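These notes are about the structure you will find just below.
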Amino acid sequence: MAHENAGHYAMKHQTRKPDLRISSALEKEAVNKTITCNQVHDVAKALGISPKDAGIQADLMELRLKQCCLGLFGYEPDGKNLDKNIEVSEKLSVAIKKIAHNGTTTCIQCWKLTSELGMKHLETGSSCEKLGIKIKKCQIGAF
C-alpha cells in the first residue's frame, strides 16, 4: 500500500472479518505495530494457512509490514535491501528470464526459484532488480 495510505491497511479488505486465531499469532510476533515479511510467512506456515490470509489479517490489525524477504521494501533508511553489486550467473539469469513475462514475475515464482536453486531470497530479489525484472503480486499483499 502506498505511503500516503500508511496506517489504513484494513481499508483494502472491507468485507473481511478478523480471525482471532491468526491475529493472536501475528500479535505475538509484532513489535510496535510492525511485523516482518518472514514473521508473516512463519505464522502462515505454523497455522497451515496461505501467506495471503495471514497478510490480510496483518492488514486488518493495521500492522505495518517490513523487511520484505526479497529485499523490496521495509528497510531503513533506504526502503530496499538489494545488493546492487550482485553478480548474476548465466544459469540464474536464464532461470529468472524463464519465470518472467513482459519484464515482470511474481513473488511466489521468486520464492520457488529460490528454493529450487538453494539461494537466499535476497539474492533472488537483487538478481531480478539487476536484470530489470519487476516483482509483482506479493504473497502477503504488500504490493
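The values are calculated or read from the model by the stated rules, or taken from the named source; none is laboratory data. This one's a predicted model, so the numbers in the text were calculated from it and none came from an experiment. Note: ideal-geometry Cβ built from the backbone for every residue, glycine included; neighbour counts use all protein chains shown.
Taking Ser93 as the residue in question, decide whether it is part of a helix (DSSP H, G or I), within 16 Å of Gln139 (Cα to Cα) and at pLDDT 95 or above. Give the steps one after another, and end with the answer.
On the way: part of a helix (DSSP H, G or I): yes; within 16 Å of Gln139 (Cα to Cα): no; at pLDDT 95 or above: yes.
Against the criterion (part of a helix (DSSP H, G or I), within 16 Å of Gln139 (Cα to Cα) and at pLDDT 95 or above), Ser93 does not qualify.
Of the residues that sit in segment 13-63 and are of a type in the set (Lys, Arg) and assigned to a loop (DSSP other than H, G, I, E, B), which one is surrounded by the most Cβ atoms within 10 Å (Cβ to Cβ)?
Arg16
Across segment 75-91, what is the total count of residues that are surrounded by 10 or more Cβ atoms within 10 Å (Cβ to Cβ) and under 11 Å from Ser127 (Cβ atoms)?
Filtering segment 75-91 down to residues surrounded by 10 or more Cβ atoms within 10 Å (Cβ to Cβ) leaves 75, 79-83, 86, 88-89.
Filter once more, so that each one left must be under 11 Å from Ser127 (Cβ atoms): 82-83, 86, 88-89.
Qualifying residue count, segment 75-91: 5.
Considering only segment 67-89, I want to know if a residue exists there that is in contact with a Ser or Thr (Cβ under 7 Å, 6 or more places away or on another chain) and assigned to a helix (DSSP H, G or I).
no
Looking at segment 102-114, can you tell me whether even one residue there is surrounded by 14 or more Cβ atoms within 10 Å (Cβ to Cβ), in a loop (DSSP other than H, G, I, E, B) and aliphatic (A, V, I, L, M)?
So the first thing to find is which residues in segment 102-114 are surrounded by 14 or more Cβ atoms within 10 Å (Cβ to Cβ), and the list is 104-111, 113-114.
With the extra rule that they be in a loop (DSSP other than H, G, I, E, B), the set shrinks to none.
No, segment 102-114 contains no residue that is surrounded by 14 or more Cβ atoms within 10 Å (Cβ to Cβ), in a loop (DSSP other than H, G, I, E, B) and aliphatic (A, V, I, L, M).
Could you check segment 121-143 and list, in sequence order, the residues that are within 23 Å of Ile35 (Cβ to Cβ) and loosely packed, with under 14 Cβ neighbours inside 10 Å?
Within segment 121-143, Lys136, Lys137 qualify.
Got a sec? Which of Ile22, Ile49, Ile56, Ile86 is aliphatic (A, V, I, L, M), touching a helix residue (DSSP H, G or I) at 6+ places or on another chain (Cβ under 6 Å) and either without any contact (Cβ under 8 Å) to a residue 40 or more places away in the chain or at positive phi (or both)?
Ile22
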